[in-house]
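Enquirer: So that we are looking at the same thing, I have put the structure below in structure tokens.
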Amino acid sequence: MKKYLLSFICFGIFIFSILSCKNNEQETNDSKEGQIAEVQTDEDFRPNFHFTPEKNWMNDPNGMFYLNGTYHLYFQYYPKDNVWGPMHWGHATSKDMITWEEQEIALYPDEKGYIFSGSAVVDKKNTSGFGEEGKTPVVAIFTYHDPIGEEEEREDYQSQAIAYSLDEGYSWIKYEGNPVIPNPGIKDFRDPKVTWDDIHKQWLMALATREKTLFYTSQNLKEWTKVSEFGEGTGAHNGVWECPDFFPMQVEGSDQTKWVLIQSLNPGGYNGGSGTQYFIGDFDGKTFTPEENMKDLEEKHNFWIDFGRDNYAGVTWANIPAEDGRKLFMGWMSNWLYAQEVPTETWRSAMTVARELKLIKEGDRYLITSRPVEELDKYRAAEVIKKEVNINGNTTVLNSENIDLGKAEISFTINDLQEITYNFRLSNKAGEEFIVSYDHAQKKFSVNRSHSGQTDFSDKFASEISTAPRISDSEDLKATFILDKTSIEMFFDDGKTVMTEIFFPNQPWEAFSFSGLEDFTVKNFKAYELKFNKQRKKDAESKGER
Ligand code: FRU
């Protein structure tokens, strides 16, 4: 009897423990669901330091120039909705290209049309004659996009126009003689990028048309002469060419000068959708001739400022002082494939971190490299430094208790690469992950964001794995990752291969780990938390109501 009683009690305990186990499981599931239910949205997704407008829609960076200690950034902006609409130029300023302050809208659409992308120059010699009382004019050159012409299916609804500012870029007066370049009957005819060409003493404009870049020159920014065209049969062509930039650069470690043409296109980017290719060559003041090895259309064009999916329409700053001498670049951190559907409501899209471009020569190949501007280093705070970490299976090297992975810089080296795939992974408590891989046998990087959180807002966002070729031949891999809440910018091999990708995890990233089929060693692992004061913004309510 006692025996039975004991076994009855034991059975009872067993049943109870199963039930309570179930209950626990239920509880865990519930709390997990509870966690997932508290998904990140909107302000949780707003970057800690990448520029976003306080409210509503933004695309391309425009008219970037530097003057008297201030970096100016204008941007394609629609102040009334969180999707693309009648374009304005929004405006933001910064002392270091990292912390931005949003300003009043700079240019409003008018009866001639929307204000599409373009550039700005500091007209120090007052060649335009816009200067008054010794004030240096800043001249903006932009595209008027006439929506009525577009609706009527005319070809000539885009033309080039100018405006000037006598208060260093805060307020603008549109030139009464606009347009300065009327449309010659070309449907896509836009995004003028003007540079002072000090070699040939002229203002130089690169302008994008369907599948070509057109070059114009001027002495006064008002009268322009077309001097040549470039692009037929060269480079990537599966879309419309947009947002060019054209400038000379000195080859690192030499006194040789080459000309660089940056040319975005949409679609037709390396990983589909929008992307930014470049060409290097010579320019005689009228005609651009690319290097032989950049002409090949048989192979996939392999010269991209960034191979990732989320860096588009990037251009460089004008008027950087000669003592500084850097070529400073910024792009729009999104892709036309899904930009208007990303899961933020109050604001949409961020810019990339400002980057320094360099021109290098390896063998007979010229390359553009990029790295985050050194100004970012000043924001480094808490650090985790490991001289050597042995990776054995999935090894977490960093977690959010040490460093907030929503504002971090991580760098490391892997020496003597083996013929395996190396994985670098961000993961969170909701079981989501963002995986970057490097396959050394194929010399290929890839990014899988299919389980990175919110992805179903567009079937174009995460259905594919994005890839990039490894450009460097080195047996050592160097990497620097810049992390914000919804983006990662990956600079491999001192910026020879760059990939920028965005993501929308339901919980903040919690851990950064490495894995590979074989054991390996990570050297010089350095992680910094980047410290920011909240982005200062002017009262957004007053915007767009003028
Ligand atoms: C590129 C682009 C430009 C155009 C602007 C309009 O993203 O399509 O060609 O000027 O956006 O907002």
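The values are calculated or read from the model by the stated rules, or taken from the named source; none is laboratory data. The structure presented is a predicted model; accordingly, all values stated were derived computationally and were not measured. Don't worry about glycine lacking a Cβ; one is built from the backbone with ideal geometry, like all the others, and counts go over all protein chains shown.
Enquirer: Does Ile305 count as over 16 Å from the mean Cα position of the chain (by Cα), closer than 30 Å to Ser515 by Cα, buried (at least 22 other Cβ atoms within 10 Å of the Cβ) and of a type in the set (A, V, I, L, M)? First the steps, then the outcome.
Expert: Working: over 16 Å from the mean Cα position of the chain (by Cα): no; closer than 30 Å to Ser515 by Cα: yes; buried (at least 22 other Cβ atoms within 10 Å of the Cβ): yes; of a type in the set (A, V, I, L, M): yes.
So Ile305 fails the test.
Enquirer: Right, here's the next one. If we keep just the residues of region 320-339 that are among the aliphatic types (A, V, I, L, M) and buried (at least 16 other Cβ atoms within 10 Å of the Cβ), which is farthest from the ligand (Cβ to nearest atom)? Don't jump to the end; show me each part of the working.
Expert: If we filter region 320-339 for residues that are among the aliphatic types (A, V, I, L, M), which is where we start, we get 320, 322, 328, 330, 333, 337, 339.
Narrowing further to those that are buried (at least 16 other Cβ atoms within 10 Å of the Cβ): 320, 328, 330, 333, 337, 339.
Values: Ile320: 23, Leu328: 20, Met330: 14, Met333: 12, Leu337: 12, Ala339: 9 Å.
Selected residue: Ile320.
Enquirer: Quick check on my filter: what residues within region 436-491 are of a type in the set (A, V, I, L, M) and either farther than 25 Å from Thr344 by Cβ or more than 18 Å from the chain's Cα centre (by Cα) (or both)? Show your work before the answer.
Expert: Within region 436-491, the first condition is being of a type in the set (A, V, I, L, M), and the residues that meet it are 436, 441, 447, 462, 465, 468, 471, 477, 479, 482-483, 488, 490.
The answer is Ala441, Ile465, Ala468, Ile471, Leu477, Ala479.
Enquirer: Just to be sure, is Val315 surrounded by fewer than 20 Cβ atoms within 10 Å (Cβ to Cβ), in contact (Cβ under 8 Å) with a residue 12 or more places away in the chain and in a strand (DSSP E or B)? Let's see the steps before the verdict.
Expert: On the way: surrounded by fewer than 20 Cβ atoms within 10 Å (Cβ to Cβ): no; in contact (Cβ under 8 Å) with a residue 12 or more places away in the chain: yes; in a strand (DSSP E or B): yes.
Against the criterion (surrounded by fewer than 20 Cβ atoms within 10 Å (Cβ to Cβ), in contact (Cβ under 8 Å) with a residue 12 or more places away in the chain and in a strand (DSSP E or B)), Val315 does not qualify.
Enquirer: On to the next question. Every residue in region 392-420 that is among the hydroxyl-bearing types (Ser, Thr, Tyr), surrounded by 15 or more Cβ atoms within 10 Å (Cβ to Cβ) and either more than 14 Å from Asp476 (Cα to Cα) or outside the structural domain of Lys378 (by TED's automatic domain parsing) (or both), please.
Expert: If the condition is that a residue be among the hydroxyl-bearing types (Ser, Thr, Tyr), surrounded by 15 or more Cβ atoms within 10 Å (Cβ to Cβ) and either more than 14 Å from Asp476 (Cα to Cα) or outside the structural domain of Lys378 (by TED's automatic domain parsing) (or both), then Thr395, Ser400 are the ones that fit.
Enquirer: With respect to Ala313, is the statement that it is more than 12 Å from the ligand (Cβ to nearest atom), hydrophobic (A, V, I, L, M, F, W, C) and modelled with pLDDT of 95 or more true?
Expert: Working: more than 12 Å from the ligand (Cβ to nearest atom): no; hydrophobic (A, V, I, L, M, F, W, C): yes; modelled with pLDDT of 95 or more: yes.
It is false that Ala313 is more than 12 Å from the ligand (Cβ to nearest atom), hydrophobic (A, V, I, L, M, F, W, C) and modelled with pLDDT of 95 or more.
Enquirer: Now a separate question. Ser128 versus (1) surrounded by 19 or more Cβ atoms within 10 Å (Cβ to Cβ); (2) within 16 Å of the ligand (Cβ to nearest atom): which is the lone unmet condition?
Expert: Evaluating Ser128 over (1) surrounded by 19 or more Cβ atoms within 10 Å (Cβ to Cβ); (2) within 16 Å of the ligand (Cβ to nearest atom) leaves (2) as the failure.
Enquirer: I would also like to ask the following. Is it fair to say Gln442 is within 19 Å of Thr521 (Cα to Cα) and either out of contact with any strand residue (DSSP E or B) (no Cβ under 9 Å at 6 or more places or on another chain) or part of a loop (DSSP other than H, G, I, E, B) (or both)? Before the answer, list the steps.
Expert: Values: within 19 Å of Thr521 (Cα to Cα): no; either out of contact with any strand residue (DSSP E or B) (no Cβ under 9 Å at 6 or more places or on another chain) or part of a loop (DSSP other than H, G, I, E, B) (or both): yes.
The answer is no for Gln442.
Enquirer: Here is a further query. Going through region 62-77 one residue at a time, which ones are more than 16 Å from the ligand (Cβ to nearest atom), more than 16 Å from Glu104 (Cβ to Cβ) and assigned to a strand (DSSP E or B)?
Expert: Step one: filter region 62-77 for residues more than 16 Å from the ligand (Cβ to nearest atom), giving 65-72.
Restricting the remaining residues to those that are more than 16 Å from Glu104 (Cβ to Cβ) gives 65-69, 71.
The answer is Phe65, Tyr66, Leu67, Tyr71.
Enquirer: Give, as residue ranges, the strands (runs of 3 or more DSSP E) completely inside region 150-249 that count at least 3 residues that are more than 16 Å from the ligand (Cβ to nearest atom) and surrounded by 15 or more Cβ atoms within 10 Å (Cβ to Cβ). So that I can check it myself, show each step before the final result.
Expert: Details: elements: 158-165, 189-197, 202-209, 212-218, 225-230.
In region 150-249, the matching strands (runs of 3 or more DSSP E) lie at 189-197, 202-209, 212-218, 225-230.
Enquirer: Moving to a separate point now. Closer than 29 Å to Glu501 by Cα, assigned by TED's automatic domain parsing to the domain that holds Thr209 and modelled with pLDDT of 95 or more: does that describe Val227? So that I can check it myself, show each step before the final result.
Expert: Numbers: closer than 29 Å to Glu501 by Cα: no; assigned by TED's automatic domain parsing to the domain that holds Thr209: yes; modelled with pLDDT of 95 or more: yes.
The answer is no for Val227.
Enquirer: I'd like to know if region 378-387 contains one or more residues that are at pLDDT below 95 and farther than 21 Å from Ser487 by Cβ.
Expert: Here is the first cut: in region 378-387, the residues at pLDDT below 95 are none.
No.
Enquirer: Kindly establish whether Gly113 is closer than 20 Å to Thr70 by Cα, within 12 Å of the ligand (Cβ to nearest atom) and in the same structural domain as Leu73 (by TED's automatic domain parsing).
Expert: Working: closer than 20 Å to Thr70 by Cα: no; within 12 Å of the ligand (Cβ to nearest atom): yes; in the same structural domain as Leu73 (by TED's automatic domain parsing): yes.
For Gly113, the condition - closer than 20 Å to Thr70 by Cα, within 12 Å of the ligand (Cβ to nearest atom) and in the same structural domain as Leu73 (by TED's automatic domain parsing) - is not met.
Enquirer: With the requirement that a residue be out of contact with any Lys or Arg (no Cβ under 9 Å at 6 or more places or on another chain), touching a residue at least 40 places away in the same chain (Cβ under 8 Å) and surrounded by fewer than 24 Cβ atoms within 10 Å (Cβ to Cβ), what does region 98-120 give you?
Expert: First pass over region 98-120, keeping only residues out of contact with any Lys or Arg (no Cβ under 9 Å at 6 or more places or on another chain): 106, 109, 111, 113-115, 120.
From the residues that got through so far, the ones that are touching a residue at least 40 places away in the same chain (Cβ under 8 Å) too are 106, 113, 120.
Hit for region 98-120 is Gly113, nothing else.
Enquirer: Among the residues of region 347-365 satisfying the criterion of being out of contact with any Phe, Trp or Tyr (no Cβ under 9 Å at 6 or more places or on another chain) and modelled with pLDDT of 95 or more, which is surrounded by the fewest Cβ atoms within 10 Å (Cβ to Cβ)? Reasoning before the result, please.
Expert: Restricting attention to region 347-365, the residues satisfying the condition of being out of contact with any Phe, Trp or Tyr (no Cβ under 9 Å at 6 or more places or on another chain) are 358, 361-365.
Still in the running and modelled with pLDDT of 95 or more: 358, 361.
On the way: Lys358: 18, Lys361: 15.
Out of the qualifying residues, it is Lys361.
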